[in-house]
Amino acid sequence: MRRLLPIYALIFVAEVLLQSLFPLTPTFTEQFSLSKVEAGVLLGAASLAAVVVSIPFGLLADRIGARRVTVASALLLAVSAVGQGLAGSFWLLVASRASFGVAFGMIWTAGLAWLSDASPPARRPAALAACMTVAGAGAVLGPTFAGVLADRFGVATPFLIAALSSAVILAALLWIEPARAGLPERTDLIGAARALVRDRWILGALAIMGFAGIVASAVNLLVPLRLGENGLSASKIGLAFSAAACVFTVLSAVLARLGSRAVSARAAGAAVLFLGAALVLPIVSASTPALLGFVLLRTPAFAVLFTIVYPLGGAGAHRAGIGRGAVMAFLNVAWGAATLTGPLLGGALAQTLGERFTYSLLAGSCLAVGVFVFAALVRRAAPDEAPAPGYR
């Protein structure tokens, strides 16, 4: 498995770059005299691009091989990082950020497909689960990495370091023997979509990804806004979420080490129900202690859900005999659609019907989805549909 470490390194650098823009947005806003709308365009460019390209590049990975697409993503990641660091205008910066989003989408489809194909069946759940652990570490480091280096050496510095790191990773990826990347497998869009509906593991993974993404992004909007209204400073709010991210990373690492023992439908259902129980805190009280308690209490649920979703989808793809790139692409689209929808839906409901109603609706939805996961995935397999080793 050590030969696949460059793929994890690529995921880590991509996540650091994704998170790096957040503390640097005020700097770019001042540098290019941006309006709030333009700043929003800058922040959303990468996510939108990643969602748009995930399915095409997932299918391409199944057609020409995940290794080739992953190598191309490393090259594009380096080029986009240079563009972000040296951009002399707002639109060049947006274009570079969108290019980064394309690379990000390629990594989280082809890169994960490569890991799934190149890992032995017994190690596959742990290999895919570790992706979220690595991403969590990048999310913790990214804002501090970018902020400290930009303040000390200039805004271009973190991007240029990321570009150099991507170039080194590119060389390492090229060193991996092509034969170990798995054979190309042709998958058309209609065939992949049919498999998504037929296979309960893939369908369950999509449901988990979409639902967890909506809940996470909705509460990530509502909780900080209320904490700010309660008088908590931005630094203290950031500290609370950083602490939760650290807990997420540690728990994800534990789950990855457990491998197939953690990747189970029962774990997913239990996590969703636990998340619903945690939502009782903001329903009962909008006080700062209650909300901070919720930020930490929800973390184990999200750690379970986001860590097991790719292994679960990968298992379904292998069982259904369809390209892993296509399944990873659909999971990424589900994540992107959820993170775009969640804040809009949560904000609209909170504004019209109140925060307590919104949290109550989310908690009720957790109950419904938890029951669905148990009903859809935790039923005894038919005699001709035995589960893969380690999945239950």
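Give, rounded to the nearest 20 debye, the magnitude of the charge dipole that the chain has about its Cα centre when Lys and Arg contribute +1 at Cβ and Asp and Glu contribute -1 at Cβ. Walk me through the intermediate numbers first.
On the way: 27 positive and 14 negative charges, 199 e Å.
That gives the chain a dipole magnitude of about 960 debye.
State the answer as a single residue: which of P282, G321, S217 lies farthest towards the positive end of the charge dipole of the range 191-377, with beta carbon charges of +1 for Lys and Arg and -1 for Asp and Glu, about the Cα centre.
In the range 191-377, that residue is G321.
Could you run the Karplus curve 6.51 cos²θ - 1.76 cosθ + 1.60 with θ = phi - 60° over the range 284-295 and give me ³J(HN,Hα) per residue in whole Hz, x for Gly and Pro?
Taking θ as phi minus 60°, the curve returns 6, 8, 9, 6, 4, x, 5, 5, 5, x, 5, 4 Hz for the range 284-295.
Give a residue-ordered list of calculated ³J(HN,Hα) values for the range 242-256 (Karplus: 6.51 cos²θ - 1.76 cosθ + 1.60, θ = phi - 60°; whole Hz; x for Gly, Pro).
5, 4, 5, 5, 5, 4, 4, 5, 5, 5, 5, 5, 4, 5, 5
Each residue of the range 77-86 in turn: what ³J(HN,Hα) in whole Hz from Karplus with 6.51, -1.76, 1.60 and θ = phi - 60°, glycine and Pro shown as x?
Calculated HN-Hα couplings, in order: 4, 5, 5, 5, 5, 4, x, 5, x, 10 Hz.
When only DSSP loop residues count, what chymotrypsin sites (Phe, Trp or Tyr not before Pro) in the range 20-106 have their Cβ near at most 14 other Cβ atoms within 10 Å? Show your work: numbers first, answer last.
Values: sites: F28, F32, F57, F90, W91, F100, F104; in loops: none.
Here no loop site has a sparse enough neighbourhood.
Taking the beta-carbon count within 10 Å as an exposure proxy, list Y310, Y359 from fewest neighbours to most. Write down the numbers at each step before the final one.
Details: Y310 28, Y359 25.
With the fewest neighbours first, Y310, Y359 line up as Y359, Y310.
Which of L164, T109, L43 sits farthest toward the positive end of the charge dipole of the chain, with +1 on the Cβ of Lys and Arg and -1 on the Cβ of Asp and Glu?
T109
Any idea how far the Cα center of the range 92-124 sits from the one of the range 203-266, in Å?
Comparing the Cα centres of the range 92-124 and the range 203-266, I get a distance of 21 Å.
Need the full-extension length gain, T341 to S242, defined as separation in residues times 0.36 nm minus the C-alpha distance. One decimal, nm.
Full extension from T341 to S242 adds 33.3 nm.
Each value in this text was obtained by applying a stated rule to the coordinates, not by laboratory testing. These numbers come from a predicted model, not from an experiment. Note: ideal-geometry Cβ built from the backbone for every residue, glycine included; neighbour counts use all protein chains shown.
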